[in-house]
1. Would the range 5-13 turn up any residue that is part of a helix (DSSP H, G or I), under 23 Å from K110 (Cβ atoms) and not hydrophobic (A, V, I, L, M, F, W, C)?
2. I'm told S10 meets every condition in (1) of a type in the set (S, T, Y); (2) under 18 Å from A132 (Cβ atoms); (3) at pLDDT below 95 except one. Can you identify the failing condition by its number?
3. Would a scan of the range 59-73 turn up a residue that is under 20 Å from F84 (Cβ atoms), among the charged types (D, E, K, R), over 13 Å from the mean Cα position of the chain (by Cα) and at pLDDT 95 or above?
4. Can you say whether E57 is open to solvent by 60 Å² or more (accessible area, probe 1.4 Å), part of a helix (DSSP H, G or I), in contact (Cβ under 8 Å) with a residue 40 or more places away in the chain and out of contact with any Leu (no Cβ under 8 Å at 6 or more places or on another chain), as far as the supplied structure shows?
5. Would you mind telling me which numbered condition in (1) open to solvent by less than 60 Å² (accessible area, probe 1.4 Å); (2) not in a helix (DSSP H, G or I) T22 fails?
6. Confirm whether F50 is open to solvent by 70 Å² or more (accessible area, probe 1.4 Å) and either modelled with pLDDT under 95 or in contact with a Leu (Cβ under 9 Å, 6 or more places away or on another chain) (or both).
7. Name every residue in the range 114-154 that is outside any helix (DSSP H, G or I) and modelled with pLDDT under 95, in order of residue number.
8. Any residue that is surrounded by fewer than 20 Cβ atoms within 10 Å (Cβ to Cβ), of a type in the set (G, A, S) and at negative phi - is there at least one of those in the range 91-105?
Amino acid sequence: MDRFQPMIDSADAYEESYLFRTALEPAALMSLSFCPDPDEFWNLRNRQAFIADTGYETLLASELFEANSEFHETLATWSGNRFFAQAVSRMDRLRRLVEYSQARDRAARKQQASEHLAILEAIAQQDQLRAATLLREHLNSARKKKAHLSEIFG
């Protein structure tokens, strides 16, 4: 039995992680048991609104990553499916260090938070299909913007 878990240690692995997330995360939003928690919803919304407004300029890379992780993991938890929640949480742990280096692009963090807000708005309107479509577009856009990662993995 192999004791080592896959790591995001190359540009190819990073690409694979985004393709996996793009297949997984929108499916979580389409779960028949999807049910947002109202308090968590407003906490997520307020945090993402702060980031989109001014927080993208002032928050530390670790804080931006945590807000992003919280957003994606909370949506997965709302699916009501422990396997979605566990897989998204695992992916966030794997991408933590690589993502810290990406936080220098402050304009991208503002755009990311704006996209998160649009996804939350679709959820508020109980339009899971729209939310899943926006999430898929959000992840694909992030994947394409990060295609230059070969410089990180050298």
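1. No.
2. Single failed check for S10: (2).
3. no
4. Spelling it out, E57 is indeed open to solvent by 60 Å² or more (accessible area, probe 1.4 Å), part of a helix (DSSP H, G or I), in contact (Cβ under 8 Å) with a residue 40 or more places away in the chain and out of contact with any Leu (no Cβ under 8 Å at 6 or more places or on another chain).
5. Result: T22 fails condition (2) only.
6. Spelling it out, F50 is indeed open to solvent by 70 Å² or more (accessible area, probe 1.4 Å) and either modelled with pLDDT under 95 or in contact with a Leu (Cβ under 9 Å, 6 or more places away or on another chain) (or both).
7. Listed by number, the residues that qualify are K146, G154.
8. Within the range 91-105, one or more residues are surrounded by fewer than 20 Cβ atoms within 10 Å (Cβ to Cβ), of a type in the set (G, A, S) and at negative phi.
The values are calculated or read from the model by the stated rules, or taken from the named source; none is laboratory data. None of the values given here were measured: they were computed from a predicted structure. Here Cβ is always computed from backbone atoms with ideal geometry, including for glycine, and neighbour counts include all displayed protein chains. Surface areas here come from the heavy atoms of the whole protein model, side chains and all, with no ligands, DNA or RNA. Shrake-Rupley method; radii C 1.70, N 1.55, O 1.52, S 1.80 Å.
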